[in-house]
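Have a look at the structure below, then the notes.
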Amino acid sequence: METIILDWLNLVVRWTHVITGIAWIGSSFFFMWLDAHLEKPAPGKEGVEGELWMVHSGGFYEVDKFQVVPSAIPRTLHWFKWEAGFTGISGVILLAIVYYLGAEAFLIDTEVADLTRLQAVGIGIGTLVVGWVAYDSLFASKFGQANMLLANTISVIVICLVAVGLSQLFTGRAAYIHVGGLIGIVMVLNVFGRIIPAQRNLIAARNAGDEPDPTLGKRAKQRSVHNNYLTLPVLFIMLSTHYPATFGHPQGWVLLIAISVSGALVRHWFNLRNASTPALWPIPAAVVIFLITAGWASFPTIQAERAAVTGDKVEFTEVRAIIDARCSVCHAARPTYEGFDVPPKGISFDDAADIRKHASAIKKTSIDTDTMPLGNETKMTPEERQALGAWIRAGANIE
């Protein structure tokens, strides 16, 4: 009963996370586009920095952007914040449901680091908290404000080091998700900790009859731009959980960094294009980085595929014994592993035909990578993985 409730809760929260995330990313893309397309305002528009006309769904829209804040605050002012808020809240809940309640399966791999649940969860939460404090302190400091390029470079280097460090402590999947969680926390707290307060202070100053400080708007814009560049790396991390060839690679952190950089470059190309300063180089650079990374990651697997099967022929009886001992505790019509009432993804290995049917999936998750068994909870040995690989390369014969 508890597992069923968690499954439905997982679905509802994940659905909410995706819906609100789409809304948030969409507004980020839109406002970056809008800012980049502002034109010089018509004469007589006092305090207006730029204007823009748009047409959509049969309607025409006129947008004015004020240099700091309008002289009279309108009665209705629309704030773009709850998309970020609910994305962040649902993301934290998902992290707790999947990785902290299911730490033994999804967070901890004793062959990577022999951590207790408390230690692993503490490291995960600590990474998010310390990461935000370090990021915010850097860009709120006089040094960060005076040396934007250097501060950006430092922040990229630090997130890369975090990716490397977490890969030495967690399962590959959990390391990826915690890097994504850190980026997501930074983005959400940028909105609620820096952008929204700056906008409220501008409004308060105007209402009090004081002259608003334009640096507040500039600093809020800086954080908004950071969020914009972080969107595609976060989306890759969200999708990567479906691709064990990424997080399951022995040097998965290399793939995480390289593919995230390629995503940021694609976003940079869009931003340059929107700003009418198009430059082609980010796209080829992103493609080259991605292809080199994919080729490098796939090379050992390709070599293994081409290599002749050596040693004695692996009989299906040996494969059956390995599957029963290492996989069927979860992948069975009636799993015996705590927390599973039904086989994950509906895959069961009760029959020989089922094992052969899912041979390619076994190859991806247990041979090309070591993402299965989860956290290697059932202690599948390298020799057993080699035996499964030899059996599959020989044709996965079940006779």
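Worth a mention:
- One residue alone among R194, R267, R200, R223 is of a type in the set (K, R), without any contact (Cβ under 8 Å) to a residue 60 or more places away in the chain and under 15 Å from A84 (Cα atoms), and that residue is R194.
- Filtered by the rule that a residue be among the β-branched types (V, I, T), under 23 Å from the mean Cα position of the chain (by Cα) and part of a helix (DSSP H, G or I), region 352-389 gives a lone residue, T365.
- Region 221-242, residues that are under 15 Å from G181 (Cβ atoms) and part of a loop (DSSP other than H, G, I, E, B): T241
- Among residues of region 10-39 that are hydrophobic (A, V, I, L, M, F, W, C) and surrounded by fewer than 16 Cβ atoms within 10 Å (Cβ to Cβ), none has a beta-carbon under 6 Å from a residue that is at pLDDT 95 or above and assigned to a helix (DSSP H, G or I) at least six positions away or on a different chain.
- Residues located in region 273-294, provided they are polar (S, T, N, Q) and closer than 18 Å to D35 by Cα: N274, S276, T277
- Residue in region 243-250 that is farther than 29 Å from W296 by Cβ and assigned to a helix (DSSP H, G or I) present: no
- Here region 203-218 is the region considered, the condition is being hydrophobic (A, V, I, L, M, F, W, C) and either more than 14 Å from S71 (Cα to Cα) or free of Cβ contacts under 8 Å to residues at least 40 places away in the same chain (or both), and the residue that is surrounded by the most Cβ atoms within 10 Å (Cβ to Cβ) is L216.
- Only one entry of L189, L169, L161 meets the criterion of being modelled with pLDDT of 95 or more and surrounded by fewer than 17 Cβ atoms within 10 Å (Cβ to Cβ), and that entry is L161.
- Residues located in region 102-111, provided they are surrounded by fewer than 17 Cβ atoms within 10 Å (Cβ to Cβ) and not hydroxyl-bearing (S, T, Y): E111
- Members of region 342-353 that are closer than 18 Å to I392 by Cβ and surrounded by fewer than 18 Cβ atoms within 10 Å (Cβ to Cβ): I347, D351, A352, A353
Here is a yes/no grid of residues against (1) touching a helix residue (DSSP H, G or I) at 6+ places or on another chain (Cβ under 7 Å); (2) at negative phi; (3) without any contact (Cβ under 8 Å) to a residue 24 or more places away in the chain; (4) not in a helix (DSSP H, G or I):
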residue: P70; (1), (2), (3), (4): no, yes, no, yes
residue: A96; (1), (2), (3), (4): no, yes, yes, no
residue: Q119; (1), (2), (3), (4): no, yes, yes, no
residue: Y135; (1), (2), (3), (4): yes, yes, no, no
residue: F139; (1), (2), (3), (4): yes, yes, no, no
residue: I157; (1), (2), (3), (4): no, yes, yes, no
residue: G165; (1), (2), (3), (4): no, yes, yes, no
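- Scanning region 239-252 for residues that are under 13 Å from the mean Cα position of the chain (by Cα) and not β-branched (V, I, T) turns up L239, S240, H242, Y243, F247.
- Within region 232-248, being of a type in the set (V, I, T) and buried (at least 21 other Cβ atoms within 10 Å of the Cβ) holds for V234, I237, T246.
The values are calculated or read from the model by the stated rules, or taken from the named source; none is laboratory data. Nothing here was measured: the structure is a model prediction, and the numbers come from that model. Don't worry about glycine lacking a Cβ; one is built from the backbone with ideal geometry, like all the others, and counts go over all protein chains shown.
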